[in-house]
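Right, one structure below, let's go through it.
A short reminder: the numbers here are calculations on the coordinates, not readings from a lab. Quick caveat, the model's predicted, so the values are computed rather than measured. Heads up, the Cβs are rebuilt from the backbone with ideal geometry, glycines too, and the neighbour counts pull from every protein chain shown.
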Amino acid sequence: MMLLPTHLLGGLIIGKIMGDYPAALAGALLVDLDHLVSYFKSGVWFNFKKFTKAITNRNDPWGDQRNVLHNVILGLVISASVAVFDYKFGIVFALGYLSHLVLDALDNSDYFPFFPNKKVNLKGPIKYFSIAEVMVMLGLLCWWLII
């Protein structure tokens, strides 16, 4: 569960390199719609205190925050479907999507890349909502500014 600005910066970097910010940002950010569904289903969406606790805690109390949209195979299917209609947009979208999944794999929250199958659980070295994650975010910001 990398922070939203981290995913935003991943999309901005892909968008700058590929010359297509909308496609890269769509791919990098839309993946987290399943978080919003989880927050709504659990009832924390309309409770500021519970919502804040949910987004700052690396644990997923409902086990469904990184679900179907975080599935690598579905990501490929969605990206290929987008590419059928607009090849360049689809490729950039796929790279943005991939940047999101890679960044999520780097933090120490549960990440099941083949959800709903939970046999593979990737937990990276970066503690969620930590100084290390902020450093990654700042590194991405510098990279985006330099390229």
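The ranking of TYR21, TYR87, TYR111 from fewest to most other beta carbons within 10 Å of each one's beta carbon is TYR87, TYR21, TYR111. Normalised by the number of residues in the chain, the mean separation of alpha-carbon contacts (under 8 Å, six or more apart) gives a relative contact order of 32 percent. What residue among ILE91, GLY75, PRO22 has its Cα farthest toward the positive end of the dipole of the chain, where the charges are +1 on Lys, Arg and -1 on Asp, Glu, each on the Cβ? Checked the options; the winner is GLY75. Length gained on full extension, ILE147 to LEU30, computed as 0.36 nm times the residue gap minus the Cα-Cα distance: 39.7 nm. Dipole size of the chain about its Cα centre, with +1 on Lys/Arg Cβ and -1 on Asp/Glu Cβ: approximately 360 debye, rounded to the nearest 20. Beyond 28 Å in Cα-Cα separation lie the following of the pairs LYS49/LYS127; LYS16/LYS41; LYS16/LYS50; LYS41/LYS123: LYS16/LYS41; LYS16/LYS50. Across the chain, the longest run free of exposed loop sites, meaning trypsin sites (Lys or Arg not before Pro) lying outside DSSP classes H, G, I, E and B with no more than 12 other Cβ atoms within 10 Å, spans 1-117. Largest first, the three principal axis extents of the alpha carbons in the range 1-127 are 40, 31, 29 Å in whole numbers. For a modelled paramagnetic label at ALA83, 7 Å from Cα along Cα-to-Cβ, the residues of the range 98-117 in reach, with backbone nitrogen under 18 Å, are 98-102. Spin-label model, PHE40/VAL68: points 7 Å from Cα along the beta carbon direction are separated by 1.3 nm. Computed from the C-beta positions of LYS118 and ILE55 and an R0 of 22 Å, the FRET efficiency is 0.50 to the nearest 0.05.
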